[in-house]
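Presented below is the structure to which this report refers.
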Amino acid sequence: MDYEQKIINSLKNEFKSLEVDSYFIRFDEISDILTPSLVLEYVEKAYRYTAEYKERLQMPSKLYFFYQDGDMRVMPSVVDVDGEKVSAMKVVSVHFQNKKRNLPVVIGFFVLVDSDTGSLLCVMDATYLTAMRTGAAGALSVKHILREKDSISLGIIGCGVQARTQLALISYIKKVHELIVYDVSTEAMEKFARFSQNLGFKAKKANSLFDFKDCDVVVTITPSNKPFLMLEHVQNVKLINAMGADGPGKQELSPEILKNSVVVVDNREQAIHGGEINVPLKNGQIDESIIFGEIGEIIAGIKKVPPNRRVVFDSTGIAVLDVFVGYAIYKSARERGLLKNLKIH
């Protein structure tokens, strides 16, 4: 026996395989489990948690890694969900060339860690999870900021995959009597119009951004790094869900819209670093005092949005949402006997 083999054999005796159970959940089962009602329930719980248990929340800022055609974000958090200490991390990537590969632009996976032992508990796809919790975030801002309105006119700018869950979840919690859509790609706009028809909506395709000026709610969900929505485009709009700016350098709204609106963020630190307000902050066009509060504070009733003011919800996408929703999926899969053993030890 040579020395290298001796080392291998000796170390094998010191590092034993772990006697723990690890699992995975199939994608098709995730899409069955994660219903609109479930994702809305757990995203709302997550936002309340950020406001009511701020001192317990462990959620460092996203870690960003940049590629030529996209980026990767690592989003860890430790929180209390349904009486359990939950430790988890999502890794999500954005690759715009994936369209040519017949893959989603946004791909992610989610990892649950046993908070008692540190061992791997469960791994699952996070592509659908991310789309659904982002849709729920937009829907909950409509629910809690426009409480008095039973029915809304909705405008959606950007007709990619995320637009579908915005429409689905907003219309699940609030009646939508008019839908106006726009995308720089006519093909994307046509596909989204067909999707909306499946949900019972006849989408009006906007000729210009001025067509959105009388909407109750406008959702922007694009990867833009230049402001395209101007103050004159949103004269009578009551709520703008700015969902697209989720990293440094991204921007969809003109600074004038921000200056003439109440700005609510999902997380103060993350919004400053990479939300809709990040570019005008860096350029000195606004300062941090423009932030009225966090959406969790609105939902929990800690802060109330001033009446008769337009609101901008600056949503960057925060890890605590993924942890609450990911744990809800795991818990439901466990109760239904859907967990599959993952033999890594």
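Ellipticity at 222 nm from helices only: DSSP H runs of n ≥ 4 in the chain, each -39500 (n - 2.57), divided by the residue count, give -10500 deg cm²/dmol. Could you list the residues of segment 22-55 with an amide nitrogen less than 13 Å from a label point located 7 Å from the Cα of K343 in the Cα-to-C-beta direction? In segment 22-55, the label zone of K343 (backbone N under 13 Å from the point 7 Å along Cα→Cβ) covers 22. The order of D150, D211, D216, going from fewest to most other C-beta atoms within 10 Å of their C-beta, is D150, D211, D216. Here the relative contact order of segment 63-180, from alpha carbon pairs under 8 Å that lie six or more residues apart, stands at 17 percent.
If each Cα of segment 138-316 is one equal point scatterer, what is log10 of I(q)/I(0) from the Debye formula at q = 0.14, 0.16 Å⁻¹? Values returned for q = 0.14, 0.16 Å⁻¹ are -0.68, -0.90.
As a quick test, which of the pairs K213/K304; K213/K259; K174/K202; K303/K331 have an alpha carbon distance above 22 angstrom in this structure? Going by Cα-Cα distance, K213/K304; K303/K331 fall outside the 22 Å limit. Expressed as a fraction of 2.2 N^0.38 Å, the C-alpha radius of gyration for segment 162-252 is 1.05. Among E55, E276, E14, the largest mean-square fluctuation in a Gaussian network model of the chain (Cα springs under 10 Å) belongs to E14.
Using the Cβ-Cβ distance between N260 and F109 with R0 set to 35 Å, the FRET efficiency works out to roughly 0.30.
Taking a ≥ b ≥ c as the square roots of the Cα gyration tensor eigenvalues, with a/c under 1.5 meaning rounded and otherwise prolate when a/b beats b/c, else oblate, which class fits segment 239-345? Verdict is prolate for segment 239-345. Working from Cα pairs under 8 Å separated by at least six residues, relative contact order for segment 225-345 is 31 percent.
Could you calculate the FRET efficiency of N236 with K205 from 1/(1 + (r/R0)^6), where r is the beta carbon distance between them and R0 is 22 Å, rounded to 0.05?
Once rounded, the FRET efficiency stands at 0.60.
Loop sites by DSSP among the chymotrypsin sites (Phe, Trp or Tyr not before Pro) of the chain, restricted to those with at most 15 other Cβ atoms within 10 angstrom, leave 54-345 as the longest stretch without any of them. Fraction of C-alpha pairs exceeding 35 angstrom in the chain: 24 percent, rounded to a whole number.
Bear in mind these aren't lab numbers, they're just calculated from the coordinates by the rules spelled out. Please read all numbers here as calculations on a predicted model, not as lab measurements. All Cβ positions, even for glycine, are placed from backbone atoms using ideal geometry, and neighbour counts span all protein chains on display.
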